[in-house]
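Heads up, the thing below is written out as structure tokens.
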Amino acid sequence: MPESEIRDDHTWLAAFMSEAWDEHFAEYAAGLTWSMNKGWDTVNDLYAAADTLCADADAPWTLPIYGGRPVPHGPDADPSRPPLMLLEPPGVSQAARFLATVSFDELWNAVGARFGALGWTARELLEHHRDLQGFYGRAALAGHAVVKAVWA
């Protein structure tokens, strides 16, 4: 979403993300949102293989999943609730560049055996990767920020 429409307030962002979740399927179909029901850590671990594949990388692999800055809980908020993250437009662009240039096949070749033993298939992770490529690519082209919530 446009960064100018985001309030740097945990309570506001939590309500925004809750409403967005309620509208999830329509927003997902429109390319405005992306979500994953499981596997955040696994997809992040897949991208971490880029750290060994690209010696000159400055860790852009962290951006698509866990990148951004935490939005602090307000004084009245329940601190046990998961943090919300805000990835500002420059970070979104960096994540989009990473996703557009990283080779999924090279990543899978580096770590696929370990993930396969955990029950993941290359096709599942490739689908997540392609979804993230599209989502971050559209957000970067629009100059948008990305708000992230990890809810159990």
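The values are calculated or read from the model by the stated rules, or taken from the named source; none is laboratory data. All of these numbers come straight from a predicted model, not from anything done at the bench. Counting neighbours? That spans all protein chains shown, and the Cβs are built from the backbone with ideal geometry, glycine included.
With (1) among the small types (Gly, Ala, Ser); (2) at pLDDT below 90; (3) farther than 30 Å from ALA15 by Cα as the list, and ALA77 as the residue in question, which single condition is left unmet?
All conditions pass for ALA77, except number (3).
Among the residues of segment 117-141, which ones are loosely packed, with under 13 Cβ neighbours inside 10 Å and part of a helix (DSSP H, G or I)?
Those that are loosely packed, with under 13 Cβ neighbours inside 10 Å and part of a helix (DSSP H, G or I): ALA117, ARG123, GLU127, ARG130, LEU141.
Report yes if VAL102 is more than 14 Å from the chain's Cα centre (by Cα), at pLDDT below 90 and β-branched (Val, Ile, Thr), otherwise no.
When the stated conditions are applied, VAL102 does not pass them.
Could you please give the count of residues in segment 98-135 that are closer than 12 Å to THR42 by Cα and of a type in the set (Lys, Arg)?
So the count comes out to 1.
Across segment 100-116, what is the total count of residues that are free of Cβ contacts under 8 Å to residues at least 24 places away in the same chain and crowded, with 17+ Cβ neighbours inside 10 Å?
1
Which members of segment 118-140 meet the condition of being hydrophobic (A, V, I, L, M, F, W, C) and either in contact with a helix residue (DSSP H, G or I) (Cβ under 8 Å, 6 or more places away or on another chain) or without any contact (Cβ under 8 Å) to a residue 12 or more places away in the chain (or both)?
Selection gives LEU118, TRP120, ALA122, LEU125, LEU126, LEU132, ALA139, ALA140.
Please find, within segment 38-70, the residue that is farthest from LEU99 (Cα to Cα) out of those that are exposed (fewer than 14 other Cβ atoms within 10 Å of the Cβ) and modelled with pLDDT of 85 or more.
PRO70
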